[in-house]
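Reviewing the structure listed below.
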Amino acid sequence: MNNKNYILIDNSEDFENLLPLTFTRPISELRIGILTIKEKWEKFLNSSLSFCTSEYLQKKYPINIGTKNIFINSTILPEKILIEEIENLKENEILKFNDIIIAANSGSALIKSLTNSECINFKQINSKIIKIKKINFPWDLFLLNKEEINSDFELLTINKTSEKLSKTNTIIGDGKIFLEEGAKCEASVLNTTGGPIYIGKNAEVMEGSLIRGPFALCHDSAIKMGAKIYGPTTIGPYSKAGGEINNSIIFGYSNKAHDGFIGQSIIGEWCNLGADTNASNLKNTYGSVKIWNYRKKSFINTGLQFCGLIMGDHSKCGINTMFNTGTVVGISANIFGAGYPRNYIPSFSWGGSTGFSLYKFEKAIENIQEMMKRRNKSLTDIDIEILQYIYNNTEEYKK
């Protein structure tokens, strides 16, 4: 009987490097491939996991402390060999890859971070793997999305039979296509040459869509008519996607329903991109893209030639919005008007290329509730507390 208690732990440095995506969630709630990081670990371990994350998130994402605790680095993506090594850890042993601590068996003790200073008294066990898949910065999500769609596809479809695909579709390649119960796909071109195509429960691909795998459409989402999707791309649950999308991830409950382009982009939950929104993913100079980093409070070089829009939860933009290459948008920003806004837009900003003012908290919450009402959802008191914390720590426009 396995009575080990697994906890996904966020180190503060990793958490800050992944802002704004982690403002409203632990690292392990980030979506990459088809599943979130937490969902992947739970399937590999066949066990429920809890969170050790920032204090202001802990009420919504509580920690469960047991008598045999194994803490797992939440930035690490699971693989079979890692599972075996973690399961073999004895009490007061840590599993390491070079200088990175992957997991620690702390027995009944609570540890607050997987760092060398915190785990100084633990015995070091070196992993046998050649490399690990680790999420260090937001752009790692789209860089690793191809591998993770492939991995999750196998995880979710093993020993299962796909729903029948309509004969109105055109299939290119001999790759894998899987439709969950209630999924619909009509009169579209599905190219599996580059990877599999997964269509989740009650999701719909409308007619005239052109899709290149690897691609994942999560449950209860829709691809609008005539969409052009280049993999590896993931559309999270309860979302609408249309226009042109390349190598991007939409977490869930968000809309990019109309024409316009995003590429190498990550869009959080409850976001809305107005019609003909375009986000540049390549500089005119073809140089590497610099992007805002919350931990360093400055722009850092990604080393990437292609990097688009990183948008935190509850942010929205009006029709014909144009984003510069490598733009970062915080939580609950409202962007509108002609021209290119700055390429770092703090949380609770209101405005556009001519300047921003503070988006008043009460008005922001009112607008969020109106959007969520359309999906029969609402903010909980805990959600509002989290947003209030973020608002209280948004100082850019309060001076």
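Just so you know, all these numbers are worked out from the coordinates, no wet-lab data involved. What you see is a predicted model, and the numbers here were worked out from it, not measured in a lab. Positions of Cβ are generated from backbone atoms using ideal geometry, with glycine treated the same way; all protein chains shown enter the neighbour counts.
The table below lists the values:
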item	result
Modelled label reach - D259, point 7 Å along Cα→Cβ, the stretch 201-240 residues with backbone N closer than 17 Å	208-210, 224-229
Rough spin-label spacing in nm, given labels placed 7 Å along Cα→Cβ, for D174 and I382	5.0
Three semi-axes of the equivalent ellipsoid, the stretch 5-135, Cα gyration tensor, whole Å, largest first	20, 17, 15
Residues D381, D259, sorted so that the one with the fewest Cβ neighbours within 10 Å comes first	D381, D259
Ratio Rg/Rh [Cα only; Rh per Kirkwood] for the chain	0.97
Coil-residue GluC sites (Glu not before Pro) of the stretch 292-399, DSSP, other Cβ within 10 Å capped at 12	E395
Derived scalar couplings ³J(HN,Hα) [the stretch 295-309; Karplus, 6.51 cos²θ - 1.76 cosθ + 1.60; whole Hz; x for Gly, Pro]	5, 8, 6, 7, 7, 10, 7, 6, x, 9, 7, 10, 7, x, 9
Sparse-neighbour loop sites [trypsin sites (Lys or Arg not before Pro); the stretch 264-309; at most 10 other C-beta within 10 Å; DSSP]	K296, K297
Spin-label pair A109/Y389, simplified geometry with 7 Å Cα→Cβ offset, distance in nm	2.6
Label-point gap, in nm, between I130 and E154 - each point 7 angstrom along Cα→Cβ	1.5
Descending semi-axes in whole angstrom, ellipsoid equivalent of the stretch 173-262, from the Cα gyration tensor	16, 15, 12
R0 of 51 Å, Cβ-Cβ distance L210-I65: FRET efficiency to nearest 0.05	0.55
Computed helical MRE - 222 nm, the chain, DSSP H runs ≥ 4 contributing -39500 (n - 2.57), nearest 500	-5000 deg cm²/dmol
Cα-based Rg and Dmax for the stretch 305-399, where Dmax is the largest Cα-Cα distance (Å)	13.6, 42
Integer Hz, Karplus 6.51/-1.76/1.60 couplings in order for the stretch 147-162, x for Gly and Pro	4, 6, 5, 4, 5, 5, 4, 5, 5, 8, 10, 4, 6, 10, 10, 5
Selection of trypsin sites (Lys or Arg not before Pro), the stretch 61-142, meeting DSSP coil and at most 13 other Cβ within 10 Å	K90, K112, K128, K131
Listed residue (G182, I199, T234) projecting farthest to the positive dipole end of the stretch 109-267, Cβ model	T234
For the stretch 140-392, size of Cβ-based charge dipole, Lys and Arg +1, Asp and Glu -1, in debye	580
Burial ordering of S288, S127, fewest other beta-carbon atoms within 10 Å first	S288, S127
Exposure proxy order (Cβ contacts within 10 Å, fewest to most) of R374, R31	R374, R31
Rounded to the nearest 20 debye, dipole of the stretch 5-135 from Cβ charges on Lys, Arg, Asp, Glu	280
HN-Hα J in Hz across the stretch 236-242 - Karplus 6.51, -1.76, 1.60, θ = phi - 60°, x for Gly and Pro	x, x, 6, 10, 10, 9, x
